[in-house]
Amino acid sequence: MQTTRSISVTRFLPAPASKIFDLLADPRQHALLDGSGTVAKVRRAPERLSLGAKFSMDMKMGVGYFTTNKVVAFEENKCIAWHHVARFVWRYDLEEVEGGTRVTESFNYDKPWAFAIIRTGFPERNRLAMERTLEQIEKIVTS
């Protein structure tokens, strides 16, 4: 039996869930909030994401490339998630709490072909990048 391979980071942000969600649902903003430094810019995307929407991003990790993502979860002001061709899922869950929102960013790499990212240390790098992403989101929504 295989265990679920997933990492997550949670942070309290002193802002309403709607403001945070609007930022996450706008793919043109993703390069600004990306804590990994790999998202260069939006290539093609709707103005606002929705369930089933596809969006392409120019990326840079050593060399430049692009990826197309599909939104697989979308609940206004509560959650948004997407995956790329490898079907690893990036997800944001938002929970309104007193004084702001508890935001959890998670990365699920529970696929048989994930062995390569595990061996190269990507889960830990992704966790650190998620911490930076949540810091960036906080700066943007509280400025």
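No lab work stands behind these numbers, since they all come straight from the coordinates. Quantities reported herein were computed from a predicted structural model and do not represent experimental measurements. In this analysis, Cβ positions are derived from the backbone assuming ideal geometry, glycine residues included, and neighbour counts consider all displayed protein chains.
Given the criteria closer than 19 Å to Gln29 by Cβ, among the charged types (D, E, K, R), out of contact with any Gly (no Cβ under 8 Å at 6 or more places or on another chain) and surrounded by fewer than 12 Cβ atoms within 10 Å (Cβ to Cβ), does Glu47 qualify?
Yes: the conditions hold for Glu47.
Looking at Lys41, Lys19 in this structure, which one is of a type outside the set (Gly, Ala, Ser) and in a strand (DSSP E or B)?
Step by step, each of Lys41, Lys19 is checked, and only Lys41 is of a type outside the set (Gly, Ala, Ser) and in a strand (DSSP E or B).
Among the residues of region 50-59, which ones are exposed (fewer than 11 other Cβ atoms within 10 Å of the Cβ) and part of a strand (DSSP E or B)?
Residues satisfying the conditions do not exist here.
Six or more apart or on different chains, Cβ atoms under 6 Å: show the pairs whose first residue is in region 9-28 and in contact (Cβ under 8 Å) with a residue 40 or more places away in the chain and whose second is of a type in the set (D, E, K, R) and buried (at least 19 other Cβ atoms within 10 Å of the Cβ).
Pairs found: Val9/Glu105; Leu13/Glu138.
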